[in-house]
Amino acid sequence: MLPKLPLADGNSMPQLGLGVYQITDQATMDQAVKAAYQTGYRLFDTAQAYQNEAILGQALKNNAIPRNQIFLTTKVAEVNQGYRNTLKSVTASLKRLQTDYLDLLLVHWPIHSQFFATWRAFERLKSEKIVRSIGVSNYHQTHLDYLASQANEQPVVNQIENHPYLSQEPLLAYHRQQQIITQAWNPLGRGVVLQDPVITKIAQQHQRSVAQIILRWHLQRGLAIIPKSKSPQRIAENAAIFDFELNADEMTNIARLNQQQRTGNDPEVVYQIEHQYH
Ligand SMILES: NC(=O)c1ccc[n+]([C@@H]2O[C@H](COP(=O)([O-])OP(=O)(O)OC[C@H]3O[C@@H](n4cnc5c(N)ncnc54)[C@H](OP(=O)(O)O)[C@@H]3O)[C@@H](O)[C@H]2O)c1
């Protein structure tokens, strides 16, 4: 049984999950979901914008995975934000995922025009138990503060880009203070960080892969992680990180690699100009 993190609303969430961004055909999804479930993954992370909710729902069926054994996350796309649109789009997501509830629903990116209306719909979905936990994604501290000024329920998760080249320690400290769990997207840095010489050296010393060192670094900082892989071998490799430890010097040496390097959009740009995710 892989570890779970307690959420501020009383629920809990697996610390490790499978991200399924860019998995777009049924056979690949079936194979990835099967490998992940057999390895012990219980969280699957999709989004309306990925256009693969339907094949994820079907893959869970094809692999005969009981709904109550897994934790399902999806995210409301910018185009579906607003009170009525959010409710309507979540009904459609549930249908595509072949389920009647979500474990976690996230606002994919903050956008200024629908900022509070979308969250009111999230609070309603939670009160109706259609969604067990509600959270956000790509929120800066300013967005979290602004949301708190009118929200009845606070987000329990903020899913943000996080890897050794973008460690975002000040935001992580704020999350801890606010009892918000940080879930790292792009935890491996989409390839770039996998070439890093400092991490490569640490990997050689532990006889682990660079990916395993990076994921272990996230775990030891208390983050939740959702590495994406379509390969059964790498899916297993990314979960074999619970039987070794990085020492304090290794943790510090990786933390020093931070260079504020994003692979995705800056959330403030999305907030202001409502640039669509791609
Ligand atoms: N909230 C948001 O705005 C947002 C944005 C982007 C992503 N996400 C979520 O976060 C998940 C993960 O992020 P991501 O997909 O951007 O990046 P990632 O998980 O850091 O990296 C995925 C890439 O690394 C490769 N890879 C995986 N394991 C590896 C290993 N052990 N060794 C070498 N290469 C490996 C994968 O290739 P193979 O598949 O070929 O193994 C893929 O090309 C997504 O799937 C999605 O669910 C959320």
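The values are calculated or read from the model by the stated rules, or taken from the named source; none is laboratory data. Given the structure is predicted, the values throughout are model-derived calculations rather than measurements. As a convention, Cβ positions derive from the backbone with ideal geometry for all residues, glycine included, and neighbour counts pool all protein chains shown. Protein only, heavy atoms only, side chains kept; ligands, DNA and RNA dropped before computing areas. Shrake-Rupley method; radii C 1.70, N 1.55, O 1.52, S 1.80 Å.
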Inset, instruction - Run Pro110 past the list (1) farther than 22 Å from Arg221 by Cα; (2) assigned to a helix (DSSP H, G or I) and report the number of the one that doesn't hold. - result: (2)
Inset, instruction - Looking only at region 7-25, decide whether some residue is in contact with a helix residue (DSSP H, G or I) (Cβ under 9 Å, 6 or more places away or on another chain), over 20 Å from Ser231 (Cα atoms) and away from the ligand (no atom under 16 Å from the Cβ). - result: yes
Legend entry - Scope region 149-181; condition touching a Phe, Trp or Tyr at 6+ places or on another chain (Cβ under 6 Å), polar (S, T, N, Q) and within 15 Å of the ligand (Cβ to nearest atom); matching residues: Asn158, Gln159
Legend entry - Among the candidates Lys228, Lys201, residue that is in contact with a Phe, Trp or Tyr (Cβ under 6 Å, 6 or more places away or on another chain) and not hydrophobic (A, V, I, L, M, F, W, C): Lys228
Legend entry - Top-ranked residue in region 113-158 [being assigned to a strand (DSSP E or B) and within 20 Å of Gln272 (Cβ to Cβ); ranked as farthest from the chain's Cα centre (by Cα)]: Val136
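Being touching a strand residue (DSSP E or B) at 6+ places or on another chain (Cβ under 9 Å) and either part of a helix (DSSP H, G or I) or within 16 Å of Val210 (Cβ to Cβ) (or both) narrows it down to one residue among Asn238, Asn258; which is it?
Answer to the check: Asn238.
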Inset, instruction - Of the numbered conditions (1) more than 16 Å from the ligand (Cβ to nearest atom); (2) within 17 Å of Gln259 (Cβ to Cβ); (3) open to solvent by less than 20 Å² (accessible area, probe 1.4 Å), Ala184 fails exactly one; give the number of that condition. - result: (1)
Legend entry - Scope region 32-63; condition open to solvent by 10 Å² or more (accessible area, probe 1.4 Å) and either among the polar types (S, T, N, Q) or farther than 18 Å from Pro232 by Cα (or both); matching residues: Gln38, Thr39, Gln48, Ala49, Tyr50, Gln51, Ala54, Gln58, Lys61, Asn62, Asn63
Inset, instruction - Scan region 1-31 residue by residue and report those that are open to solvent by 20 Å² or more (accessible area, probe 1.4 Å), closer than 17 Å to Leu215 by Cβ and among the hydrophobic types (A, V, I, L, M, F, W, C). - result: Leu2, Leu5
Inset, instruction - May I ask you to list the residues in region 107-151 that are open to solvent by less than 40 Å² (accessible area, probe 1.4 Å) and closer than 13 Å to Leu87 by Cα? - result: Val107, Ala117, Thr118, Trp119, Ala121, Phe122, Glu123, Leu125, Val131
Inset, instruction - Output the residues belonging to region 26-66 that are within 12 Å of the ligand (Cβ to nearest atom) and assigned to a helix (DSSP H, G or I). - result: Thr28, Met29, Gln31, Ala32, Ala35, Ala36, Gln48, Ala49, Tyr50, Glu53, Leu56
Legend entry - Residue match in region 211-219 (condition: open to solvent by less than 10 Å² (accessible area, probe 1.4 Å), closer than 30 Å to Arg124 by Cα and part of a helix (DSSP H, G or I)): no
Inset, instruction - Tell me, please, whether a residue that is basic (Lys, Arg), in a helix (DSSP H, G or I) and closer than 30 Å to Ser113 by Cα can be found in region 67-88. - result: yes
